[in-house]
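A short worksheet on the structure shown next.
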Amino acid sequence: MTKEWCLQARKICPKKRPVTIITGQFGDVPAEELFNRMSSFGYDGLELACGTDHFNVRMWRDNVDVEIIVDGEKKQVPYRDFKTAQLKKYGLGVWALSNHCVGQCVLDKIDARHYDVTPSYLHDDDPEKFWQNCAQEMIDTAQAAKDLGANIVTGFTGSSIWNLVYCWPPVPGEMIEDGYKLLKERWTPILDAYQELGVKFALEVHPTEIAFDLISAERALEALDNHPAFGFNFDPSHLLWQFVDPVKFIRKFPDRIFHAHMKDAALQLDGENGILGSHLPLGNSRFGWMFRSLGHGDVNFEAIVRALNDICYDGPLSVEWEDQGMDRWYGAKEACEFVKKTFFPPSDVVFDDAFGDKD
């Protein structure tokens, strides 16, 4: 790293990044209660999960009236005014919207599971119509993000070839290539709309997605002709349990890390299980790995913060809390404290300046 690079970097690297939390893992908690708690825990804002009480894309788009109680009386207010006031009430900013489940349906081969995790207004018995509805919803999500002053939508792309991840029976290369061609065909119109809006899509690199490790992420970028609106939501937990180096991922894609999830994981391989899940549900004690609250797993967060500083990442640090062995309210509070304590700013000096020429 040259001195000239350091001099330039210290001018643009942030001294503080907002600490947020994705709300999807609290989807059963009413927005009013959740926003109040997260504000009290010290979060600067939220990565709002769509499809929950926390944020409804369709209601925002159509700005429908919602009923609220004011001084004991019912009152109708536009959804946008209601949601904006709700966030302001608790001093919470929005740097990103999350629409993972809807994005998953754009490339996936649709089955009953997809109907369980998406809003009913998107459903259709015709899989072709279903994914098209979801594609439009992803565009509508970008517009909502822009309206809120956010410039990132995090989510999944899905994958038509995830079932081919292990090459048996032997998988012809053309079948894999077709999966990446489908990525380009279905996601390019979505990404073009994002580009027009000035919003970026951050794919969470994750098993079951078209990009799940460093190599497949590189291939996804190539398939999309390095579309400027397409990048990654960095999440070290999903990389770690696959034995992919999270720091190497940051350094490989310095200009494509659009958003960062803070989530920990721990391997618990015992000679009987493996990393593929053993057809056990997440959280089962026999699983080969487990998501952990921040600081309770195997992720080296000091190495990650140094790498993020080196690439001058200036977005939020968004906690994704998924530790099934810990109370979630305790974990959410502790995680906020962990991020604020652990993620130190970069240096604003080059140390050997002190030894320069003296007059």
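Structure notes:
- Whichever residue in region 101-117 is under 25 Å from M38 (Cβ atoms) and either without any contact (Cβ under 8 Å) to a residue 40 or more places away in the chain or in contact with a Cys (Cβ under 6 Å, 6 or more places away or on another chain) (or both) and, among such residues, is most open to solvent (accessible area, probe 1.4 Å): V117
- Number of the exception - T84 against (1) in a helix (DSSP H, G or I); (2) crowded, with 19+ Cβ neighbours inside 10 Å; (3) of a type in the set (S, T, N, Q): (2)
- Hits in region 131-158 (condition: polar (S, T, N, Q) and more than 17 Å from the chain's Cα centre (by Cα)): Q132, N133, Q136, Q143
- Condition check for T154: polar (S, T, N, Q), part of a strand (DSSP E or B), closer than 15 Å to H100 by Cα and touching a residue at least 24 places away in the same chain (Cβ under 8 Å): yes
- If you go through region 163-209 and keep only what is farther than 21 Å from V153 by Cβ and among the aliphatic types (A, V, I, L, M), you end up with L164, V165, V171, M175, I176.
- Region 65-82 residues that are more than 27 Å from A145 (Cβ to Cβ), paired with ones that are at pLDDT 90 or above and part of a strand (DSSP E or B) (beta carbon under 9 Å, 6 or more apart): I69/K75; V70/V77; K74/E67; K75/E67
- D225 under 25 Å from Q143 (Cβ atoms) and either among the aliphatic types (A, V, I, L, M) or out of contact with any His (no Cβ under 9 Å at 6 or more places or on another chain) (or both): yes
- Just one residue in the set S98, S120 is closer than 29 Å to D81 by Cβ and either open to solvent by 60 Å² or more (accessible area, probe 1.4 Å) or modelled with pLDDT under 95 (or both); that residue is S120.
- Scanning region 295-311 for residues that are among the polar types (S, T, N, Q) and not in a loop (DSSP other than H, G, I, E, B) yields one hit, N309.
- Scoring A145 on the criteria (1) without any contact (Cβ under 8 Å) to a residue 24 or more places away in the chain; (2) part of a helix (DSSP H, G or I) leaves a single failure, condition (1).
- Some residue of region 201-209 being under 23 Å from L97 (Cα atoms), among the charged types (D, E, K, R) and modelled with pLDDT of 95 or more: yes
- Boolean, F291 is touching a residue at least 60 places away in the same chain (Cβ under 8 Å), hydrophobic (A, V, I, L, M, F, W, C) and open to solvent by less than 60 Å² (accessible area, probe 1.4 Å): no
The values are calculated or read from the model by the stated rules, or taken from the named source; none is laboratory data. The model shown is predicted, which means the values in this text are computed figures rather than measured ones. Reconstructed Cβ throughout: ideal geometry from the backbone, glycine too, with neighbour counts over all protein chains shown. For accessibility, only protein heavy atoms count, side chains too; no ligands or nucleic acids. Shrake-Rupley method; radii C 1.70, N 1.55, O 1.52, S 1.80 Å.
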